[in-house]
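Undergrad: Sharing a structure here in structure tokens format.
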Amino acid sequence: MKKPTMNDVAKAAGVGRGTVSNYINGLNVRSETKKRIQLAIDDLGYIPNLQARELKTSKNSTVVLIVPTSWTPFFSELVYKMQIELNSHGYKMILTNSQNDSEEEEEILKMASLNQVSGVITMSYSDVYNFLNIDKRLNLVSIERYVSENVPLITSDNYAGGQLAAKKLIEMGSKRFLLLRREVTHHNATDVRTQGFKDYITSKHYPLDIFEATLQPSYREEYSEYLKSHYSNGVFPFDGIFAVTDEYGQIAQQALAKLDINLLKKVHIVGFDGSRISRDSPLMISSIRQPVDEIVKESVAVLLKKNNGMPIQKNYKKVLPVTFVDTKNNF
């Protein structure tokens, strides 16, 4: 049986061969046309010739995704959806966990550059980009962190998220607040979340304490010890906790449960990320939900533009709105 060709797809979709080629290569095609082409591809079982595309563009069809870890619900969701989105445009994805190690990331970026990958999407917290002029050699897109004027930035509205967390805790009845964060080596999204929360709480004249765990592996124990040190004879001074990530919020939740299970009814906790362990699992804590679908789609769309030589304005920044998700809506 003869393999279907691009011409067969074009005929079935009622479009020109060039339009099918544009769609396969990630160029701009009208939404309705995209649907017809994809339907024709699916019906015919057409498989694009990626090797021919690679020879034509002098690049391969691989995109490297750098994350600090994939061992959290947020990063797991991001990785899963990023691979699906890249696959839909005919790209293969290589996942790398950098563990915030600048030396590890430098090796990853050198490998990517030497192998002429189509691009790199990074959600990094290391310092490697401070001394590598990498944006001159790679098509690079950054999620959440500013790298340089030449690297597009896709980010959630972290400041508004911090403010939304404060507003929701106040609506829950909280009056004395604790913010949980961790030391940073450079300004990042958790600083912006912190500032948003602080500004809102202070504008309402509520008391706020901030505890910052170190970068040591013992940071989980540091949170637990801090909370334990403020609990005495059934009394805990805080009734509202904002954690700048869901992980820190869940650590606080577990620590409070060990001290006194009744504290979970008295102390409201809001985290930041809003991802679930799996698609159908319940939320562990109420949270500020990052728009993962939009982050993924925007990141890939900008990378495709760069790959196709389309101009991207300097200091390009796309800020995406966040939402509040409540454990009360689990069921």
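The values are calculated or read from the model by the stated rules, or taken from the named source; none is laboratory data. None of these values were measured; they are calculated from a predicted model. A quick note on method: Cβ atoms are made from the backbone with ideal geometry, for glycine too, and the neighbour counts reach across all protein chains shown.
Undergrad: Can you tell me which residue within segment 260-293, out of those that are among the polar types (S, T, N, Q) and in a loop (DSSP other than H, G, I, E, B), is farthest from residue 190 (Cα to Cα)? It would help to see each step written out before you state the result.
TA: Start the filter on segment 260-293 by keeping residues that are among the polar types (S, T, N, Q), which leaves 262, 275, 278, 281, 286-287, 290.
Now restrict to residues that are in a loop (DSSP other than H, G, I, E, B): 262, 275, 278, 281, 290.
Numbers: 262: 29, 275: 17, 278: 24, 281: 26, 290: 13 Å.
Here the answer is 262.
Undergrad: Oh, and also: Give the residues of segment 222-268 that are touching a Gly at 6+ places or on another chain (Cβ under 9 Å) and among the hydroxyl-bearing types (Ser, Thr, Tyr), sorted by residue number.
TA: 245, 248
Undergrad: A further question on this structure: Between 136, 198, which is surrounded by fewer than 22 Cβ atoms within 10 Å (Cβ to Cβ), farther than 19 Å from residue 298 by Cα and at pLDDT 95 or above?
TA: Going through 136, 198 in turn, just one is surrounded by fewer than 22 Cβ atoms within 10 Å (Cβ to Cβ), farther than 19 Å from residue 298 by Cα and at pLDDT 95 or above: 198.
Undergrad: Specify the residue that is farthest from residue 183 (Cα to Cα); the eligible residues are those in segment 217-259 that are outside any helix (DSSP H, G or I) and β-branched (Val, Ile, Thr).
TA: 235
Undergrad: Being at pLDDT below 70, of a type in the set (Asp, Glu), more than 21 Å from residue 192 (Cβ to Cβ) and buried (at least 17 other Cβ atoms within 10 Å of the Cβ): is that true of residue 54 here?
TA: Details: at pLDDT below 70: yes; of a type in the set (Asp, Glu): yes; more than 21 Å from residue 192 (Cβ to Cβ): yes; buried (at least 17 other Cβ atoms within 10 Å of the Cβ): no.
In short, no.
Undergrad: Look through segment 161-193, keep the residues that are under 25 Å from the mean Cα position of the chain (by Cα) and of a type in the set (Val, Ile, Thr), and return whichever of them is nearest to residue 241 (Cα to Cα).
TA: Looking at residues that are under 25 Å from the mean Cα position of the chain (by Cα) and of a type in the set (Val, Ile, Thr), I get 190.
Undergrad: Oh, and also: Would you mind stating whether residue 69 is at pLDDT below 80, among the β-branched types (Val, Ile, Thr) and within 21 Å of residue 154 (Cβ to Cβ)? Walk me through it before giving the result.
TA: Values: at pLDDT below 80: yes; among the β-branched types (Val, Ile, Thr): yes; within 21 Å of residue 154 (Cβ to Cβ): yes.
So residue 69 passes the test.
Undergrad: Evaluate segment 287-297: report whether one residue or more is farther than 30 Å from residue 28 by Cα and either touching a helix residue (DSSP H, G or I) at 6+ places or on another chain (Cβ under 7 Å) or touching a residue at least 40 places away in the same chain (Cβ under 8 Å) (or both).
TA: First pass over segment 287-297, keeping only residues farther than 30 Å from residue 28 by Cα: 287-288.
Retained after the next criterion (residues that are either touching a helix residue (DSSP H, G or I) at 6+ places or on another chain (Cβ under 7 Å) or touching a residue at least 40 places away in the same chain (Cβ under 8 Å) (or both)): 287-288.
Checking segment 287-297: at least one residue is farther than 30 Å from residue 28 by Cα and either touching a helix residue (DSSP H, G or I) at 6+ places or on another chain (Cβ under 7 Å) or touching a residue at least 40 places away in the same chain (Cβ under 8 Å) (or both).
Undergrad: For segment 160-190, enumerate the residues that are in a loop (DSSP other than H, G, I, E, B) and free of Cβ contacts under 8 Å to residues at least 40 places away in the same chain.
TA: 183, 187
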